[in-house]
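Here the structure comes first, spelled out in structure tokens, and everything after it is commentary.
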Amino acid sequence: MSDNRILIERFYNDIWNRQDFAAAEEILTPDFRFRGSLGSETIGIPAFLAYAQSIHAALADYRCTIEEMVADDIHIAARMTFTGLHRGRLFGVEATGRTVAWAGAAFFQVAQMRIVSLWVLGDVEGLKQQLGAARSAPFQAG
């Protein structure tokens, strides 16, 4: 397995799944740029960790599972599944106690064995539907 793949596995297993936030200092650049699957954007490790904590506050047992990963020397793409137990306000919906899951795609950029940026696209509409949140208006052309 390439070093970049190991780096991405550490990102999800250590930081997200185990909430070992000290690992962020080891594997992220200080000016790490992040765009999460739920649409939030951050710059820097402290802002990213605040976002991660907010997700864990809303979703107990939050987990990120890598379903598939493709990597080269600089870029890594991963097909993801995100899951958690809805225990706090999310998309304006108070805790439902339901387990929710949604699909995502993560696009990383790395340099010198550190993650420089991450852009994640998630199935937010599917998640909102599971929560019973108001859905966005459907796309209409023309």
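Observations
- Helix content alone sets the calculated 222 nm mean residue ellipticity of the chain: runs of n ≥ 4 DSSP H residues at -39500 (n - 2.57) each, divided across all residues, give -7000 deg cm²/dmol.
- The Cα-based radius of gyration and maximum Cα-Cα distance (Dmax) for the chain are 15.4, 49 Å.
- A simple spin-label model places the labels of Arg35 and Ala22 3.4 nm from each other, with each point 7 Å out along Cα-to-Cβ.
- Computed over segment 73-123, the ratio Rg/Rh where both radii use C-alpha atoms and Rh is Kirkwood: 1.15
- Value of relative contact order over segment 1-127, rounded to a whole percent, pairs C-alpha under 8 Å and six or more apart: 26 percent
- Accessible surface computed residue by residue for the chain, with neighbouring protein chains in place and a 1.4 Å probe, gives 53 Å² per residue.
- Rg and Dmax of segment 6-81, Cα atoms only, in Å: 12.1, 35
- Fraction of accessible area attributable to carbon and sulfur, segment 17-65 (%, probe 1.4 Å): 48 percent
The values are calculated or read from the model by the stated rules, or taken from the named source; none is laboratory data. Computed from a prediction, not measured in an experiment: that's the story for all the values here. Every residue, glycine among them, receives a Cβ derived from its backbone with ideal geometry; neighbour counts consider all protein chains shown. With ligands, DNA and RNA removed, areas are computed over all heavy atoms of the protein, side chains included. Shrake-Rupley method; radii C 1.70, N 1.55, O 1.52, S 1.80 Å.
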